[in-house]
Structures are given as structure tokens and as C-alpha cells.
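**Student:** One structure, as C-alpha cells, below. Some questions next.
Derivation of every value follows stated rules applied to the coordinates shown; laboratory data play no part. Note that the structure is a prediction, hence the values are computed from the model and not measured. Here the Cβ is made from the backbone with ideal geometry for all residues, glycine too, and neighbour counts use every protein chain on show.
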Amino acid sequence: MAQMALPLRLADHAVFASFLASGNEPLVATLRELAAGVGAGCWLWGRHATGKTHLLQAVCDAAGDRSVYVPLQMLSEVGPAVIDGLASRELVCLDDIDAIAGDATWERALFDLCNQILDSDGQLLVSAAMAPRESSVQLADLKSRLSRLPVFQLHTLDDQQRVQALKLRAGHRGLELPDKTARYLLSRSRRDMASLYELLDKLDLAALQAQRKLTVPFVSDVLKQQVSD
């Protein structure tokens, strides 16, 4: 993973190879092009836990040192001084712009940053919970500037796609996850992918410690143990 100017690291799993593109193929193709230096950027929006952070980090992983990942939720209380100088990067990925929406100081700083990036033919990738026209960003100039970006909605997965996504994530970690076990997980967990991935991480550790495969009986025993703990 690329080391960034900010004191942050990308998650090891957040790469294109571990993201199921089903239903979001045009978006993922656009993001791959951005990582390769093609295009001015885009506004990516979707519901909570649909994979926005995963994709922004995957773009930065593919783009390498010319990019920077900026988690605004994490940095909102630090203050906008933390983004000073980021326009020197060719590709800036602003994750969760909703976190600073309505903060006049942050919005002005982001407006200046966006102008510097786009006026110098840089690339800007923004994630949010809603489309630009529905955003709670208050600064009209910033909202107008961001509205010029191509807009993509990140669609949620259906149950069959959730199974495929779990199997893909497991395979990326070197795990074999049978369809039957994946469907069992869907019936025993919250159905958003963040919760399912968190559960898979715990099962990965348990399977490694027990030297067991991810069968339904083994997973059932682990889940029962977690409840009793």
C-alpha cells in the first residue's frame, strides 16, 4: 500500500480485486481509469456500508504515491489545516464530505482545495451519502464546483451478490468459503457488507486458531461461543 502524506494507511483489503463490481460496473471502470490518470474525477454517493471507503482506498492503492486519501469523518475535528498542501497531489480522494458539511471553515478550505486541484488539471474524487443536489454542503460556490463532477450512485447488493462478495473477500484472504456457509452467514448477521465483512474477519481468525475450514457447523459453534462470551 502507498504511504500518504497524512498520518494514515490504507486498509490491506481495500483493493479493486476484493470488490464485487456487480451492478456497479460503470462506476468501477471509471474509478480504475481515474487511478490510471484518466478523467477529472467524480462524485460517488451511496448508502452507509455500501463500499464507498473501500473504493476510494482502492483508487489510492492503484494510483500510488500521486494520490492521497482524506477521511473527513476522522479529520473533521482536527481542523482544515490538515489538508493544506494536498493540491500538490495529482489525485485527491475526499471520503465522506457529509462529515464537514455545514462547517463554514471546512467548506471554505475545501472550496480553495477543489479550485486548486481542478484548475491545475488534477483529479478529485468525493464520496457522500447523497447526490450533490441533495448534499447538506452550505457554501454555494463549493456546491456548484462539486456539482460539475460526474455523479455515480453506488448501488447496494442483493443477497446473491452478497454471497459472491463474501466469497470474493474470503478468497482474497486465502480462505475457502462455500456457498452454503456464506448463505448461513447472511441468515445469522446484519445484512450490510460492513457487518458481514467484520464477521468474516472474526471467523478467519477463529479458523486459523482452530485449524478448521469454514463449514456451517464450525461457523455455528463460533457464533454460539461469541453469544455466550
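**Student:** Counting only C-alpha contacts under 8 Å and six or more residues apart, can you give the relative contact order of segment 159-228 as a whole percent?
**Tutor:** In percent, rounded to a whole number, it is 30.
**Student:** Within segment 8-61, which trypsin sites (Lys or Arg not before Pro) sit in a loop by DSSP and count at most 14 neighbouring Cβ atoms inside 10 Å?
**Tutor:** The qualifying sites are Arg9, Arg47.
**Student:** Hey, what did the chain get for relative contact order, percent, Cα under 8 Å, at least 6 apart?
**Tutor:** Dividing the mean separation by the residue count of the chain yields 23 percent.
**Student:** Arranged by the count of other C-beta atoms within 10 angstrom, fewest first, what order do Phe218, Phe19 take?
**Tutor:** In order of increasing Cβ crowding within 10 Å: Phe218, Phe19.
**Student:** Let me spell out the model: positive unit charges on the Cβ of Lys and Arg, negative unit charges on the Cβ of Asp and Glu, origin at the Cα centre of the chain. What dipole size does that give, in debye rounded to 20?
**Tutor:** With Lys and Arg at +1 and Asp and Glu at -1, about 860 debye.
**Student:** Separate question: Where does each of 35-42, 86-93 land if you order them by average Cβ count within 10 Å, highest first?
**Tutor:** 86-93, 35-42
**Student:** Among Val15, Cys60, Leu118, flag the residue with its Cα farthest along the positive direction of the charge dipole of the chain, charges on Cβ as +1 for Lys/Arg and -1 for Asp/Glu.
**Tutor:** Val15
**Student:** Could you sort the peptides 117-123, 184-190 by per-residue average Cβ neighbour count (10 Å cutoff), highest mean leading?
**Tutor:** The densest-packed peptide leads the list: 117-123, 184-190.
**Student:** Let me ask something else. What angle do you read, to the nearest 10 degrees and between 0 and 90, between the alpha-carbon axis of helix 104-119 and the longest principal axis of the chain?
**Tutor:** Computed tilt is about 80 degrees.
**Student:** If you add up the charges near Pro178, with Lys and Arg at +1 and Asp and Glu at -1, over every other residue whose beta carbon is less than 10 angstrom from its beta carbon, what do you get?
**Tutor:** Within the 10 Å Cβ shell, the charges total +2.
**Student:** Which net charge results for the neighbourhood of Ser120, defined as the other residues with beta-carbon distances under 12 angstrom from its beta-carbon, given Lys and Arg at +1 and Asp and Glu at -1?
**Tutor:** -2
**Student:** Straight-line reach from Lys213: which lysines fall under 25 Å, measuring Cα to Cα and dropping same-chain residues less than 8 apart?
**Tutor:** In chain and number order, the partners are Lys167, Lys180, Lys202, Lys224.
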